[in-house]
Amino acid sequence: MTPLYLAMWSGPRNISTAMMRSWENRGDCAVVDEPLYAHYLQHTGLDHPGREEIIAAGETDWQKVAATLTGAVPGGHAIFYQKHMTHHLLPHIDRQWLAQLTHVFLIRDPRRVLLSYVKSRPNVSAEDIGVHQQLEIFRHVRAATGVTPPVIDALDFLRAPERQLRALCARLNIEFKPAMLHWPAGPRASDGVWAPYWYDSVYRSTGFEAANEAEVEVPERFRAIAEEVMPAFEELYALRLR
């Protein structure tokens, strides 16, 4: 059976790590956590929590990363799940290797992203939350493959995780497994070295959290960012899995 190379593209402060837990818990799936992060930090010079540790622990050559992501699946598993941050795919990185992957896009209301993001990194720009980059990658994949990839909205997903996962697995022509809904609490060997800075809530989790339906109000100093990226989010939101 041909392995499924599954690239899940998300911005930060989404349910991307919980989703990685879900797929890893299937038992037939290898996962990799943000494999382009080290290259991203080295190339941009940005100051993120744990920057030097991330660069030292990761692969900074994007071509080697791409070769790994399209090469042999770790452990010989049937699925190779790749948790990607959209802003890590910098413009200079060639896109041709993406054709060897199957892509899914995980979106979240940028206002909710911003409110969560600034708790760990108070200086933020539109580029940091990756919404424009997510739309660019989505358009590239759709144009290159002639197929509209699945789009999952985080709030919709948390309202009905099993229904959403069943629908996604059906789109991907793979079996849904109930084990995707629950997992053991705590850290994993597959977590990136940045986990202590960002993954506290995931460490405590044993499943997907309940949907937070509360209205959000972005502080005035971040409203321009939210307004700038909202059209890109809305274009993807219109195509979400229902």
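Divide by every residue of the chain the summed helix terms, -39500 (n - 2.57) for each DSSP H run of at least 4, and state the resulting mean residue ellipticity at 222 nm, rounded to the nearest 500 deg cm²/dmol. Don't skip to the end; give the middle numbers.
Values: 12 runs with 101 residues, N = 242.
Mean residue ellipticity, 222 nm, calculated: -11500 deg cm²/dmol.
For a distance above 26 Å, tell me the whole-number percent of Cα pairs in the chain that qualify.
35
Charges only on Cβ, +1 for Lys and Arg, -1 for Asp and Glu: so what's the dipole of the chain about the Cα centre, in debye to the nearest 20?
For this selection, approximately 600 debye.
Hey, how many Å between the Cα centroid of the stretch 13-38 and the Cα centroid of the stretch 176-206?
So the separation of the two Cα centres works out to 9 Å.
Say a paramagnetic label sat at a point 7 Å from the Cα of residue 159, along Cα to Cβ; which residues of the stretch 180-221 have their backbone N under 19 Å from it?
Inside the label zone: 208-217.
Along the charge dipole of the chain, which of 158, 201, 174 sits closest to the positive end, that is, farthest toward it, with unit charges on the beta carbon of Lys, Arg, Asp and Glu (+1, +1, -1, -1)?
Of the candidates, 174 comes out farthest on the positive side.
Normalising by the residue count of the stretch 4-237, find the relative contact order in percent from Cα pairs under 8 Å and 6+ residues apart. Before the final figure, lay out the partial values.
On the way: 349 pairs, mean separation 68.3, N = 234.
RCO, the stretch 4-237: 29 percent.
Lysines within cross-link reach of residue 64: Cα-Cα under 28 Å, excluding same-chain residues under 8 positions apart?
83
What is the distance in Å between the Cα centroid of the stretch 160-175 and that of the stretch 88-128?
Cα centroid to Cα centroid, the span is 23 Å.
Bear in mind that the values in this text are calculations on the coordinates, not laboratory data. Not measured: the values here are computed from a predicted model. Neighbour counts run over all protein chains shown; Cβ positions are idealised from the backbone, glycine included.
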